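Worksheet: one structure, shown below.
The values are calculated or read from the model by the stated rules, or taken from the named source; none is laboratory data. As the structure is a prediction and not an experimental result, all values here were calculated from the model. Backbone-built Cβ (ideal geometry, glycine too); neighbour counts: all protein chains shown.
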Amino acid sequence: MVTPAGPSVAALAGDNALSILFIGGTGVISAAAARRAVDVGHQLTILSRGNESLRPAPEGAEVVRADIRDTASVRAALGDRTFDVVVDFVAFTADHVAADIGLFAGRTSQYVFISSASAYQKPPARLPIRESTPLRNPFWQYSRDKIAGEDLLVRAYREAGFPATIIRPSHTYDRTMIALTGGWGDIARMRAGKPVVVHGDGTSVWTLTHSSDFAKGLVGLLGLPQSVGDSFTITSDEYLPWNEIYEIFARAAGAPAPRLVHIASDTIAALAPDLGPGLLGDKSHSVIFDNSKVRALVPEFICTVPFALGARQVIGWYDANPDQQVVDQRLSTTFDQLISATGTS
């Protein structure tokens, strides 16, 4: 067990308390998981560079300042401490994973890599997507980098027994995230009665998972020997057509029925290249996930935030924080061009 700064919660949590290190703890996924870990009684240390303005560390967690990309600073900050579980939320490439293996081999009983469900075969040959679905994404470098990280961990587990667990979330959100291509700009357009761009014909289905629900599955897998050397998808079982996602946001925002203008994803990608990889490599494909594997080990993993409720939380937060209502003017201009080309006004 690690000896943290401050009193240990192990005595309060009983024999099931784990010493856990989170690398990153202020993101959408990691902040919710940190709260869950503390709430269930684990002894949590967060390694962070200090960007906690939107999602501060939960009370009861220890925060250690270091940059995970600077291994010397991490070694200096952690010393010879060991942890039952290490979870890296900010490893995006095989090089990042290799550095973690070097840092934590022999110092943890479980290393958890947060990969991505976008790594699954695109387009998917069949639904629902399961952990046995092949990993291949020719459209998005982000996904290929995640796959490379997974490949390295699989080899490290097979060849050296490095205790890796791979987690694949899909589109996970919290109150600060608008799950629309145009972000707040789309909300502003709908409130103004202006048309909004929807990729494809809007009938492909998409899975959105609230971060608090994802956290139940992730934290429930920590410390389980059965989860080591394996991979798990963690998403909601709710899937919605993109047209309905826009309509739900419009209702939450008190906007009139949205005027949806459907544009082929390839066309959007050609005019807005920054959107291309995420559209062509993920959002333009229908995704339905089978969560039976994680649920078999974590029976408390039940998603209780339907998207209609989550969308109201999002709009409520943005309305209470007008400084966050940022419209990407360049993207808005691109959408106007796309809409104009269809003859819609």
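A few remarks follow.
- If you go through region 62-87 and keep only what is of a type outside the set (Lys, Arg) and more than 26 Å from Phe162 (Cβ to Cβ), you end up with just Val63.
- Residues in region 309-345 that are farther than 24 Å from Ser236 by Cβ and among the small types (Gly, Ala, Ser): 6 in all.
- Among the candidates Phe232, Phe249, Phe307, Phe301, residue that is aromatic (Phe, Trp, Tyr), within 22 Å of Ile29 (Cβ to Cβ), modelled with pLDDT of 95 or more and in contact with a Pro (Cβ under 9 Å, 6 or more places away or on another chain): Phe249
- Flag if Arg81 is farther than 30 Å from Phe301 by Cα and in contact (Cβ under 8 Å) with a residue 60 or more places away in the chain: yes
- Restricting the first member to region 115-129 and to residues that are more than 25 Å from His96 (Cβ to Cβ), and the second to residues that are part of a loop (DSSP other than H, G, I, E, B), the beta-carbon pairs closer than 6 Å and six or more apart or on different chains are Pro123/His285; Leu127/Ile288; Pro128/Ile288; Pro128/Asp290.
- Close contacts from region 306-331, counting a first residue that is in a helix (DSSP H, G or I) and a second that is surrounded by fewer than 16 Cβ atoms within 10 Å (Cβ to Cβ), with Cβ to Cβ under 6 Å and a gap of 6+ residues or different chains, come to Tyr318/Gln324; Tyr318/Gln325.
- Which numbered condition Arg158 fails, given (1) closer than 30 Å to Ala17 by Cα; (2) buried (at least 21 other Cβ atoms within 10 Å of the Cβ); (3) out of contact with any His (no Cβ under 8 Å at 6 or more places or on another chain): (2)
- Checking region 255-273 against the condition returns a match, with at least one residue being basic (Lys, Arg) and more than 18 Å from the chain's Cα centre (by Cα).
- All conditions but one from (1) over 19 Å from the mean Cα position of the chain (by Cα); (2) over 25 Å from Gly106 (Cβ atoms); (3) modelled with pLDDT under 95 apply to Asp39; the one that does not is (3).
- Among the residues of region 250-259, those identified as within 15 Å of Gly193 (Cβ to Cβ) and either touching a residue at least 40 places away in the same chain (Cβ under 8 Å) or outside any loop (DSSP other than H, G, I, E, B) (or both) are Ala250, Arg251, Ala253, Gly254, Ala255, Pro256, Pro258, Arg259.
- Only one entry in Ile315, Ile339 is more than 24 Å from the chain's Cα centre (by Cα), within 20 Å of Val196 (Cα to Cα) and crowded, with 18+ Cβ neighbours inside 10 Å, namely Ile339.
- Of the helices (runs of 4 or more DSSP H) lying entirely inside region 58-174, those containing at least 2 residues that are closer than 25 Å to Lys293 by Cβ and either within 20 Å of the chain's Cα centre (by Cα) or modelled with pLDDT under 95 (or both) span 94-104, 141-160.
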